[in-house]
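Before any comments, here is the structure.
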Amino acid sequence: MRARALAGLSAFNAVSLALGLAFLYLPIVILVAYSFNASRLVAVWGGWSLRWYGELLHDRAMLDAAWMSLRVGVCAATAATLLGTLAAVALARGGGFLGRTLMSGMLYAPLVMPEVMTGLALLLLFVAVDAERGFWTVVIAHTTLTMCFVAVIVQSRLAGLDRSLEEAAMDLGCSPARAFAAVTLPLIAPAIAAGWMLAFTLSLDDLVIASFTTGPGSATLPIRIYSEVRLGVRPEINAICALVIVAVALLIVAASLITKFAGGSRDAAAPL
Amino acid sequence: MIEPTTTTTSASATASPLLRIVAVTKRFGGFAAVDALSLDLVAGEFFALLGPSGCGKTTLLRMLAGFETPDHGAILLDGEDVAPVLPHRRPVNMMFQSYALFPHLSVQDNVAFGLRRAGLPKAEIAARVAEMLALVRLEGFERRKPDQLSGGQRQRVALARALARRPRLLLLDEPMAALDKKLRQSTQAELKELQRRLGTTFVIVTHDQEEAMTVADRIGVMDRGRLVQVGPPRELYETPASRWIAGFVGDINLIEGRVVSREGGRLVLALPDGGATVMALCAGAGRQDAADGCIAVRPEKIRLAPADSAAGEGAPNRLAGEVVDVTYQGSVSLYRVALKGGLVVRAALANASRAGVPDLGPGRAVTASFAPEDGVVLEA
């Protein structure tokens, strides 16, 4: 189907598509290409080399930042998945409780909230409760940032599920909680997994909120890169950026594959 | 838990009811979906709840399953009020309209689901699953997933799953709505046969009167949250209690007129155009004082003869008219006949020969007649 769609492109559409993709990916291609540049000077091409990837292994500060980002990502994504799934289930299955539409809207609002404001609000909160800023404050901030994405993904999956599946489980001897665990949970598991991956990549990418909420000695990778770049771009930075791009791309592809797989089985589960 | 196969085909007064629904009301907001409804079911009967969409039949079924709680009234199963009992604690199983097969489980795991929850030993579960799949003729499909089955096969898995726990009462919510007509007819016959063999009490919800008449021992017709008539299919069809039921269950001609006499168990009406009178037997006393009356006749009980034919001369209920049109429907042809005075009656004539009846074509003058005992006097 994809091949046919490409074959069916007119010349105009082909040019539009090429321009669009170039606009999106040319900067990234240049960044990745320069990560293989043998020259220390960023703007001068000196031939192919893996030198900067090797030097990266000795850049203690950069590795620490990467490790910090990884830990923050795993913790925040896990917490966000838990909270987001609970919120989605409550909204999709809770029946018509008072203020449900308001709740639903409030859950999605952070999706469009400017990050600077979210970051500032969280900073004020942490100062107000006198929390020492560091690893855990970034985890909490990233949980806040990403849980609504998880909720949206899980809720849309729940909305597509036949309500009578859970009723059938109850009819066959499951208590409501047991019916959820035995039937609903396995069916929304792909959405939960996709939500986790999306939350992890968002956390890995985030600079603004992390820089508001982190403390001394707890720089995440984007913060570290940003502060280094202000002193001048080093080729190692290109190398680590290329690695992050690969990691994020893999996760996004995995998440969309999982969602697609889940979508397929949902259609099959639908009644004739 | 399977009841011994009984020969009970209709509610007999002596059998104590398995299920008693006593004045049950369920409201959604201000709207009474089920309105002070009472009904008794005997063990082993096949009962159909028939009604147009929105009449409350599904709500009633869901109350029997435990998914809805009545606002008032009691649901007694074997004498015990189950209204407050949660679905998973009731000896009742339901087959859902969407089948609700678990898409992540194979056919055998779907059927075994309820048995595992009941904590049966493994060997017994395996034996019961095999028995159920044999019952619905799905041997060899154990490892398939629901999305690898046809609609008819999925329907049978749903039936096997609902029967596996050997419920006291099996509820079926529009079980054939998703099947095409041919498959539906054969499935109806199989379902009835299965119910006879198991002796389990079945309650089916349907909006299809043919389906209800085919499978059920007794039918309860629902309208706006109430049961308007309960009886065996024949009684419902031949003796409808009201104009609404007469029209809902099958096709019927309503002949209205002024009451001429009501004596000796016969009602005689004069049609508005004057002259022609029709007569039908009325069993009960009826409303003696009513000035107007209505006699209903099913189309297949009306006979047509060319107007110049002398056959049946002098018999009652001979109405002169003209054929408007003829609709060929295969086994029968439906004739619309305009009577003098404007009333159009429909007559269904069996196509007993391939040639048909050429002298009853459109425009022909005919005499429509019916026997007095084939007319139903409708009071409501």
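Of B:GLN229, B:GLY56, B:GLN108, which is farthest on the positive side of the dipole of chain B, counting Cα position, with +1 on Lys and Arg Cβ, -1 on Asp and Glu Cβ, and the Cα centre as origin? Among B:GLN229, B:GLY56, B:GLN108, the one farthest towards the positive end of the dipole of chain B is B:GLN108. Net charge dipole, chain B: roughly 1200 debye, given to the nearest 20, about the Cα centre with Cβ charges of +1 for Lys and Arg and -1 for Asp and Glu. Distance distribution P(r), the protein assembly as shown, all Cα-Cα pairs, bin width 10 angstrom from 0: 3, 12, 16, 16, 14, 13, 10, 7, 5, 3, 2, 0 percent. About its Cα centre, segment B:152-211 has a charge dipole of approximately 420 debye under the convention of +1 per Lys or Arg Cβ and -1 per Asp or Glu Cβ, with nothing else charged. Take the Cβ atoms of B:LEU194 and A:VAL233, set R0 to 60 Å, and the FRET efficiency comes out at 0.20. Under 29 Å from the Cα of A:LYS260, which lysines turn up, not counting those fewer than eight places away in the same chain? A:LYS260 reaches B:LYS145.
Rounded to the nearest 20, the size of the Cβ-charge dipole of the protein assembly as shown about its Cα centre is 1220 debye, with Lys and Arg at +1 and Asp and Glu at -1. Counting only alpha carbon atoms, the long axis of helix A:235-269 and the longest principal axis of chain A meet at about 20°.
Note on segment A:197-263 and segment B:218-255: Cα centroid distance 70 Å, given to the nearest whole angstrom.
Return the distance in nm (one decimal) between the two label points of a simple spin-label model at A:MET103 and A:ARG163, each offset 7 Å from Cα along Cα→Cβ. Label-label distance for A:MET103 and A:ARG163, simple model: 1.6 nm.
Here's the picture: a label point sits 7 Å out from the Cα of B:THR327 along the beta-carbon direction, and within segment B:247-281 the residues with their amide nitrogen under 16 Å of it are B:247-254. Placing unit charges on each Cβ (+1 for Lys and Arg, -1 for Asp and Glu) gives the protein assembly as shown a dipole about its Cα centre, and among A:VAL32, B:PHE370, B:SER186 the Cα reaching farthest toward its positive end belongs to A:VAL32.
Of the residues A:THR214, A:ALA189, A:ALA169, the one whose Cα sits farthest towards the positive end of the charge dipole of segment A:59-269 is A:ALA169 (charges of +1 on Lys and Arg Cβ, -1 on Asp and Glu Cβ, taken about the Cα centre). In degrees, nearest 10, range 0 to 90: what is the angle between the Cα axis of helix A:135-159 and the longest Cα principal axis of chain A? Once rounded, one gets 50 degrees.
Estimated purely from DSSP H runs of n ≥ 4, each contributing -39500 (n - 2.57), the mean residue ellipticity at 222 nm for the protein assembly as shown is -14500 deg cm²/dmol once divided by its residues. Mean partner shielding of peptide A:160-168, defined as the number of other chain Cβ atoms within 10 Å of each residue Cβ, is 6. Here B:LYS192 is the anchor, and the aspartates and glutamates within straight C-alpha reach of less than 14 Å, apart from those fewer than 8 places off in the same chain, are B:GLU45, B:GLU210, B:GLU211, B:ASP217.
Go ahead and run the numbers for FRET between B:SER309 and B:SER261, Cβ-Cβ distance against an R0 of 35 Å, rounding to 0.05. Calculated transfer efficiency: 0.75.
Shielding value for B:83-93 is 3, the average number of Cβ atoms from other chains within 10 Å of each residue's Cβ.
Modelled spin-label separation between B:SER38 and B:THR69, with each label point placed 7 Å from Cα along the Cα-to-Cβ direction: 2.5 nm.
None of the figures in this text is laboratory data; all of them are computed from the coordinates on show. Here the structure is a predicted model, which is why all the values come from computation and not from measurement. Ideal geometry is used to build each Cβ from the backbone, glycine not excepted, and the neighbour counts take in all protein chains shown.
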